[in-house]
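Participant: Have a look at this one before I ask anything.
Bear in mind these aren't lab numbers, they're just calculated from the coordinates by the rules spelled out. Keep in mind it's a predicted model, so treat the numbers as computed, not measured. When we count neighbours, we look across all protein chains shown, and the Cβ atoms used for this are built from the backbone with ideal geometry, even at glycine.
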Amino acid sequence: MAESTPQERLRRVISGLRVFAEEAKESFAEGFPRTAAAADPPAPATAPGTFASPRGEAPQEALRAIRQDIGDCRRCKLAGGRTHIVFGVGNPEADLMFVGEGPGEDEDRKGEPFVGRAGQLLTEIITNGMGLRRSDVYIANVVKCRPPGNRNPEPDEIAACKPFLLSQVDAVAPKVVVALGKFAAHTLLDTTLPISKLRGRWFDFRGRRLMPTFHPSYLLRTPSEKKLAWEDIKLVMQALDLPLPKTAKPRA
């Protein structure tokens, strides 16, 4: 066989490179690393079967998809005693999101978070204190089903619901998250510090600011702590550039 010319050898190399490039494009395009500037932020940890909203999807559509993924949830033992799954309510594009512990009897019956006595106090804080409408904010809970007898949610129940809560936070993408009470603060911040040590301090949470404060039900039992909770709310208002009222605030 005659020895090939340099031009022929070069043509074979170029042809081989083209084949390799096409195969590489076909096999690895989806996972090909991008530059740090263009890369998406890390996706939140989710349990099998939970929904992580795609980047850029409309918040309302993302929340609807999360709710559909929850379905008639049987992921923990709370399912057996609930009347309704209490998902969340409010503005899907809110700058402010409140996260509580879990639904009580009134919430379980109506299927909406914070509609009982504690919810009335939260609504008063939002409207009379902050000068907003309840519909201006987004409200959700750590667990979506009522614990029996309003007991504290247990670790396995929190673990089953947490991925959905994180997806809700990412879908709404608020500027500020307010964690109401120790269970919300512990779940979102992965800490065991008492709420009395956490409240009044800013924390970074998934690229946004988080303020822990007392749960409204605790404030109903301990009215003397309303003054501290109001100080926390004023910090939230300052972070959102909301005007501080001169006299209006939640009643003691």
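Participant: Set the bar at 23 Å for Cα to Cα. Now go through Lys175/Lys234; Lys77/Lys110; Lys197/Lys234; Lys77/Lys162; Lys162/Lys227 and name every pair that lies beyond it.
Facilitator: As for pairs spanning more than 23 Å Cα to Cα, those are Lys162/Lys227.
Participant: Which of the trypsin sites (Lys or Arg not before Pro) found in region 156-243 are loop residues per DSSP with 15 or fewer other Cβ atoms within 10 Å of their Cβ? Numbers along the way, then the final one.
Facilitator: Numbers: sites: Lys175, Lys182, Lys197, Arg199, Arg201, Arg206, Arg208, Arg209, Arg221, Lys226, Lys227, Lys234; in loops: Lys175, Arg199, Arg201, Arg206.
Taking region 156-243 and a limit of 15 other Cβ atoms within 10 Å, the loop trypsin sites (Lys or Arg not before Pro) found are Lys175, Arg201, Arg206.
Participant: Using only the alpha-carbon atoms of region 81-240, report the extent along each of the three principal axes, biggest first, to the nearest angstrom.
Facilitator: Principal extents (largest minus smallest coordinate, Cα): 41, 32, 31 Å.
Participant: Just to confirm a number: summing +1 for Lys and Arg and -1 for Asp and Glu over residues other than Pro212 whose beta-carbon lies under 10 angstrom from that of Pro212, what do you get?
Facilitator: Values: positive: Lys182, Lys197, Arg199, Arg201; negative: Asp232.
Computed value for this residue: +3.
Participant: Label points 7 Å out from Cα along the Cβ direction at Arg221 and Arg201: separation in nm?
Facilitator: Between Arg221 and Arg201, the simple spin-label model gives 2.3 nm.
Participant: Applying a 10 Å radius around every beta-carbon, put 77-90, 159-172, 108-121 in order of their mean neighbour count, most first.
Facilitator: Highest-to-lowest ranking by the protection proxy: 159-172, 108-121, 77-90.
Participant: Report the GluC sites (Glu not before Pro) located in region 62-121 that are in a DSSP loop and have at most 16 other Cβ atoms inside 10 Å of their Cβ, or state none.
Facilitator: Loop-located and lightly packed - Glu93.
Participant: If you place +1 on the Cβ of every Lys and Arg, -1 on the Cβ of every Asp and Glu, and leave all else neutral, what size is the dipole of region 81-240 about its Cα centre, to the nearest 20 Debye?
Facilitator: My answer is approximately 320 debye.
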